[in-house]
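What follows is a set of notes on a single structure, which appears directly below.
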Amino acid sequence: EAGVAQSPRYKIIEKRQSVAFWCNPISGHATLYWYQQILGQGPKLLIQFQNNGVVDDSQLPKDRFSAERLKGVDSTLKIQPAKLEDSAVYLCASSLNSGVSYEQYFGPGTRLTVT
Amino acid sequence: DQQVKQNSPSLSVQEGRISILNCDYTNSMFDYFLWYKKYPAEGPTFLISISSIKDKNEDGRFTVFLNKSAKHLSLHIVPSQPGDSAVYFCAAGLDNYGQNFVFGPGTRLSVLP
């Protein structure tokens, strides 16, 4: 079974520029998450999708961050414009919505550096 | 305000001995807990979970203990192996609440040969 795919793996941009990250979850997983992990901290949930609907985006800085999950499969996370404090690893995860297991499967992440 | 705390940023243990990683939470409503392991340049991988209806869950070398009154859980690894060297994250959430979990800052475990 293929895992969660993310691209790019690394991105360096200057502040005020825009950037987009892509995620392809495990086939059949209804729930998709985007996390931000700042160095030395645990992953912080930015947005959670159930199929193509948003379940929770309470911690998403909506003035600069946006995310979509068209057709309930792939997802993109965009930052526009980027700030220095956005430097972090952006993790995508997916899970079954079976109500049996809460295990989330994580992709390798995209390391963003804003200079 | 950290809802999930892992107060030891790092831990070193000799191969073959027990590793004990601790996690504390502040929200008494949390009733489901997970541990993840993370290697460098990889995403976290699920290790073990526990529901608040239990106080212990075991899977091979890994055992998680939950003390609800103290709002504390711990992960025991016995015996520790060099391949266990990684960052371990504790996560807490509400059962039946959309699988939304709060993660702790992690503990880096080093198992010395």
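The values are calculated or read from the model by the stated rules, or taken from the named source; none is laboratory data. Because the structure is predicted, anything quoted here is derived from the model rather than measured. Every residue, glycine as well, gets a Cβ built from its backbone with ideal geometry; the counts of neighbours run over all protein chains shown.
Which of the strands (runs of 3 or more DSSP E) found entirely inside region A:61-115 contain at least 2 residues meeting this: modelled with pLDDT of 95 or more and of a type in the set (A, V, I, L, M)?
Here the list reads A:75-79, A:88-95, A:110-114.
Under the condition of being hydroxyl-bearing (Ser, Thr, Tyr), under 10 Å from the mean Cα position of the chain (by Cα) and within 14 Å of another protein chain (Cβ to nearest Cβ), which residue from region B:64-113 is surrounded by the fewest Cβ atoms within 10 Å (Cβ to Cβ)?
Applying the filter and picking the extreme gives B:Thr107.
Do we have any residue at all in region A:73-85 that's under 14 Å from A:Gln48 (Cα atoms), surrounded by 14 or more Cβ atoms within 10 Å (Cβ to Cβ) and more than 12 Å from the chain's Cα centre (by Cα)?
Yes; the residues of region A:73-85 include at least one that is under 14 Å from A:Gln48 (Cα atoms), surrounded by 14 or more Cβ atoms within 10 Å (Cβ to Cβ) and more than 12 Å from the chain's Cα centre (by Cα).
Counting just the residues of region B:38-62 that are closer than 14 Å to B:Asp84 by Cα and more than 11 Å from every other protein chain (Cβ to nearest Cβ), which one comes out surrounded by the most Cβ atoms within 10 Å (Cβ to Cβ)?
B:Phe62
Would you kindly identify the strands (runs of 3 or more DSSP E) lying entirely within region B:1-91 that contain at least 2 residues that are in contact with a Pro (Cβ under 6 Å, 6 or more places away or on another chain)?
Counting at least 2 such residues, we get B:32-38.
Of all residues in region A:30-52, which are surrounded by fewer than 19 Cβ atoms within 10 Å (Cβ to Cβ) and either within 30 Å of B:Ser10 (Cβ to Cβ) or within 11 Å of another protein chain (Cβ to nearest Cβ) (or both)?
A:Ala30, A:Ile38, A:Leu39, A:Gly40, A:Gln41, A:Lys44, A:Gln50
Under the condition of being of a type in the set (S, T, N, Q) and away from every other protein chain (no Cβ under 14 Å), which residue from region A:86-115 is surrounded by the fewest Cβ atoms within 10 Å (Cβ to Cβ)?
Residue satisfying both the conditions and the ranking: A:Thr115.
May I ask you to verify whether B:Leu34 is closer than 22 Å to A:Ser95 by Cβ, aliphatic (A, V, I, L, M), surrounded by 15 or more Cβ atoms within 10 Å (Cβ to Cβ) and under 11 Å from the mean Cα position of the chain (by Cα)?
Considered against the rule, which asks whether it is closer than 22 Å to A:Ser95 by Cβ, aliphatic (A, V, I, L, M), surrounded by 15 or more Cβ atoms within 10 Å (Cβ to Cβ) and under 11 Å from the mean Cα position of the chain (by Cα), B:Leu34 comes out as yes.
So, in region A:3-29, exactly how many residues are in a loop (DSSP other than H, G, I, E, B) and within 14 Å of chain B (Cβ to nearest Cβ)?
The number of residues fulfilling the criteria is 7.
One residue is enough: does region A:19-38 have a residue meeting the conditions more than 29 Å from B:Ala86 (Cβ to Cβ) and touching a helix residue (DSSP H, G or I) at 6+ places or on another chain (Cβ under 8 Å)?
No, region A:19-38 has no match at all.
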